[in-house]
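Asks: What follows is a single structure, and I will ask about it in a moment.
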């Protein structure tokens, strides 16, 4: 049997399993269905008809520079525990081709690491009452990194032009899926004294990852060894309390959620908090957060020095030690941390 014929046969079998799952549970998300079927989300997506899933050329940085032409859109970034959705109009998107990184600041606040991006698709979902249009991007193992959705106010003529411009000539090449590499927690001896010296010498929060790399530490291991004056754990179900206090104290926040390919940030006040069994949600008009509460294994208050003064965050981690989310008080470079956020953080030591 030819390679393409074998792939087509496997896809047909997978398609049958996917349709059966959808029939049994119409509300089942494709990511969850993929987990049940022990495949990647992208592999499951590619069982859909060709006219509903069309491959894009991998010119992702250039494509993102043109998203500003679309008007209002919704962008979704997620990991296994959290989903982060922002609806707005894209401002300027900066793409550093040499570093293969992208940056947007404004209504859409993104840090994009294109070295992890491998595949992109135009998706037309016809399972609902009306078609839903999206651009979806995946890593080499088929894990979804970022999605862009058309909304009611989207300029669909510009959307169609963007699709046409970046559509790939070859629509169904044979793809060899890479294996997902899980986070490796550090298991050796930690030189806590040297770590504290470098931590206390930080001038910019963006130097934090370089410091971790220098000490060859994952983030959670560093928090566990730095000392409680710089980082301390709080109750793992504290996020709702923290955001409720931000509402009561009128404190605007920055909510970070991402994966290895992107970090998406919402800045502003949150208003509508909804807790349902298994999920904690923020349901505001232009910002939604969905957090699978059982997936948060630990939460930490983290303090870092900078040339602007102390910068404080609340970080959530999953059982593997990966970051699920981070919450900061609203701030800009060169501006000290909000005193109102510091006052809120001061109340968190009781959340144990």
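Read-outs throughout are calculated quantities, based only on the coordinates presented, and are distinct from any laboratory measurement. For clarity, every value in this text was computed on a predicted model and none was experimentally measured. Heads up, the Cβs are rebuilt from the backbone with ideal geometry, glycines too, and the neighbour counts pull from every protein chain shown.
Asks: In contact with a helix residue (DSSP H, G or I) (Cβ under 7 Å, 6 or more places away or on another chain), touching a residue at least 24 places away in the same chain (Cβ under 8 Å), closer than 24 Å to residue 266 by Cβ and not in a loop (DSSP other than H, G, I, E, B) - does that describe any residue in the range 124-135? It would help to see each step written out before you state the result.
Replies: Here is the first cut: in the range 124-135, the residues in contact with a helix residue (DSSP H, G or I) (Cβ under 7 Å, 6 or more places away or on another chain) are 133.
Right, trim to touching a residue at least 24 places away in the same chain (Cβ under 8 Å) and you get 133.
Subset that is closer than 24 Å to residue 266 by Cβ: 133.
Applying the additional criterion that residues be not in a loop (DSSP other than H, G, I, E, B) yields 133.
So far as the range 124-135 goes, yes, one or more of its residues are in contact with a helix residue (DSSP H, G or I) (Cβ under 7 Å, 6 or more places away or on another chain), touching a residue at least 24 places away in the same chain (Cβ under 8 Å), closer than 24 Å to residue 266 by Cβ and not in a loop (DSSP other than H, G, I, E, B).
Asks: Any idea how many residues of the range 278-299 are in contact (Cβ under 8 Å) with a residue 24 or more places away in the chain and part of a strand (DSSP E or B)?
Replies: Within the range 278-299, the subset in contact (Cβ under 8 Å) with a residue 24 or more places away in the chain is 280, 282, 285-293, 295-299.
Next, only the ones that are part of a strand (DSSP E or B) stay: 280, 282, 287-292, 298-299.
Counting residues in the range 278-299 that are in contact (Cβ under 8 Å) with a residue 24 or more places away in the chain and part of a strand (DSSP E or B) gives 10.
Asks: Follow-up. Of the residues 300, 279, which single one is under 26 Å from residue 80 (Cβ atoms) and surrounded by fewer than 19 Cβ atoms within 10 Å (Cβ to Cβ)? It would help to see each step written out before you state the result.
Replies: Values: 300 fails: surrounded by fewer than 19 Cβ atoms within 10 Å (Cβ to Cβ).
279 is the lone residue from the list that is under 26 Å from residue 80 (Cβ atoms) and surrounded by fewer than 19 Cβ atoms within 10 Å (Cβ to Cβ).
Asks: Which of the residues belonging to the range 322-352 are in contact (Cβ under 8 Å) with a residue 60 or more places away in the chain, over 15 Å from residue 254 (Cβ atoms) and surrounded by fewer than 19 Cβ atoms within 10 Å (Cβ to Cβ)?
Replies: Within the range 322-352, 343, 347, 349, 351, 352 qualify.
Asks: Does residue 319 count as closer than 24 Å to residue 145 by Cβ and not in a strand (DSSP E or B)? Full working, then the answer.
Replies: On the way: closer than 24 Å to residue 145 by Cβ: yes; not in a strand (DSSP E or B): yes.
In short, yes.
Asks: Inside the range 214-235, can you point out the residues that are closer than 16 Å to residue 304 by Cα and not in a loop (DSSP other than H, G, I, E, B)?
Replies: Answer for the range 214-235, where residues must be closer than 16 Å to residue 304 by Cα and not in a loop (DSSP other than H, G, I, E, B): 219, 220, 221, 222, 223, 224, 225, 226, 231, 232, 233.
Per-residue answers, yes or no, for (1) assigned to a helix (DSSP H, G or I); (2) surrounded by fewer than 16 Cβ atoms within 10 Å (Cβ to Cβ); (3) in contact with a helix residue (DSSP H, G or I) (Cβ under 8 Å, 6 or more places away or on another chain); (4) without any contact (Cβ under 8 Å) to a residue 40 or more places away in the chain:
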site	(1), (2), (3), (4)
33	yes, no, yes, yes
38	no, yes, no, yes
49	no, yes, no, yes
55	no, no, no, no
72	no, no, no, no
86	no, no, no, no
